[in-house]
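Here the structure comes first, spelled out in structure tokens, and everything after it is commentary.
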């Protein structure tokens, strides 16, 4: 601290001479060499940056085994550091865990480069999940790692689907369909785990985010089912057996999730979430039964999001409510064009459609402003960001 | 109970390290084992030789039967004194032969790719497109027939082969 101000205060009579002397004495014994530390810090930063750039410039010249060894040593060091962190962790532990997960992911690619091996993407991702999911589930404390786990799981599942479809000779078999749909719906089961852990774990934030991401994924899947049901009817499709199997499995896995969420979460919000999951479980079956009509498909889609909006209203999720209202309004406008294909061909039709869009937007805006639950701290759980209609 | 919890959390931290080390060891061992074979190759589209850090090429298998194509459902039987390949035979998968070579699931025997350092990329691309040169890729083939491209070198193309190399627009051959 600057002692010049102390002299000024002493002169102005704010501090008496003995106090000023004691302050000076205390300051001199507690002085920290700020400048010295800054110099050391800058030097360390320069050396670190220099090392990084030297390594980066010669990366291709370093033997593969050494490169992999450095990559691995980095992961070991990070794991050791994480091990010494407190169980609940802070922002630093959350970031460190995320970096460790990413280093693990890139390690597979690194092995592939060094040994010239090549495998379909879903295989290293599945191995990564087997190795890192226990770690993330036991130490993740925020949305970063919840998102990482969810994204890897979804990319692995969809990659597995595309890879299996690529192996054409095997596609005719029903067990392949079963395996694909099980893989694609499996991420949904994380919601049950999150519901179980939410009341038992000290890492509330992590489990809450994980529950939101799974709900968002399932809502997306249900929306795709509703949109796809415009074609059909699925009953008479040449792929009807496979479609029926897919629908039954998707509904079954979601239903199991819904029942588990309901039994694990007894609080008011938990009941709303459980009912929402029940509704999502019914969607694939409804899509199958009602498929083949454009208007019915659009109504199904809007009913899905109306249900989500209703749940959000009761649970007090402001962002989710406004997003759902916006999505319904958007679908309504699209539907008007689908039904009146000639709306855009005449002047009067254009005016009418313009008025309709304005009307829908105005009503949606009013509803989302007037009825949206207040944005308060509890239970601030919005499965998606705000979207103004 | 608390001690058990702590032990499990530590185990969850150690598991990825052990797993990744094992994956590394397996890849390392596989990379070391196997017989090296040299296979002539050509770049299959002058605009698409390099995809990121990968050099993409098409194999020029010395196939005896000219109509045979090593497409899906087929594998190769190699003949020669390693690493010199004298001829290959295209046979259905599951055929038994002393030196088999089969594509990994989702991969093809018609084309391959090789990871290369960035600063060598431009030179390799030029050499692969040069009709006077012939690319030779070294494949390390394991006992079960799975293989890994190890490296590429170039040698002057024998004069009688030049016309076939000059054929314009070789089709990019990919199989799903």
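Can you tell me which of (1) assigned to a helix (DSSP H, G or I); (2) within 14 Å of chain B (Cβ to nearest Cβ); (3) under 30 Å from residue A:268 (Cα atoms) is the one residue A:146 doesn't meet? So residue A:146 meets the others, but not (2). Here are some residues: A:286, A:280. Which one is closer than 18 Å to residue A:258 by Cβ and surrounded by 22 or more Cβ atoms within 10 Å (Cβ to Cβ)? The conditions single out A:280. Being in contact (Cβ under 8 Å) with a residue 24 or more places away in the chain, away from chain B (no Cβ under 11 Å) and part of a helix (DSSP H, G or I) is a description that does not apply to residue A:135.
Can you tell me which residue among B:89, B:38 is touching a residue at least 40 places away in the same chain (Cβ under 8 Å), farther than 30 Å from residue A:99 by Cβ, assigned to a strand (DSSP E or B) and under 18 Å from the mean Cα position of the chain (by Cα)?
That would be B:38, the only listed residue that is touching a residue at least 40 places away in the same chain (Cβ under 8 Å), farther than 30 Å from residue A:99 by Cβ, assigned to a strand (DSSP E or B) and under 18 Å from the mean Cα position of the chain (by Cα).
For (1) within 13 Å of another protein chain (Cβ to nearest Cβ); (2) over 20 Å from the mean Cα position of the chain (by Cα); (3) within 16 Å of residue A:112 (Cβ to Cβ), each residue gets a yes or a no:
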site	(1), (2), (3)
B:28	yes, no, yes
B:34	yes, no, no
B:73	yes, no, no
B:79	no, no, no
B:99	no, no, no
B:118	yes, no, no
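The helices (runs of 4 or more DSSP H) falling completely within the stretch A:19-120 that include 1 or more residues that are more than 30 Å from residue B:150 (Cβ to Cβ), more than 13 Å from every other protein chain (Cβ to nearest Cβ) and out of contact with any helix residue (DSSP H, G or I) (no Cβ under 8 Å at 6 or more places or on another chain) map to A:34-57, A:91-115.
Residue under question is residue A:235, and the condition is that it be surrounded by fewer than 21 Cβ atoms within 10 Å (Cβ to Cβ) and under 30 Å from residue A:133 (Cα atoms); does it hold? Give the steps one after another, and end with the answer.
Numbers: surrounded by fewer than 21 Cβ atoms within 10 Å (Cβ to Cβ): yes; under 30 Å from residue A:133 (Cα atoms): no.
Spelling it out, it is not the case that residue A:235 is surrounded by fewer than 21 Cβ atoms within 10 Å (Cβ to Cβ) and under 30 Å from residue A:133 (Cα atoms).
When residue B:114 is evaluated against the numbered criteria (1) within 14 Å of chain A (Cβ to nearest Cβ); (2) surrounded by 17 or more Cβ atoms within 10 Å (Cβ to Cβ); (3) more than 13 Å from the chain's Cα centre (by Cα), which criterion, by number, is the only one it fails? Residue B:114 satisfies every listed condition except (3). Residues considered: A:178, A:151, A:155. Of these, the only one that is surrounded by fewer than 16 Cβ atoms within 10 Å (Cβ to Cβ), more than 24 Å from the chain's Cα centre (by Cα) and away from chain B (no Cβ under 14 Å) is A:178.
Computed from the coordinates by the stated procedures, all read-outs in this text should not be read as laboratory data. Please read all numbers here as calculations on a predicted model, not as lab measurements. Because the Cβ atoms are built from the backbone with ideal geometry, glycine has one as well, and the counts that use them run over all protein chains shown.
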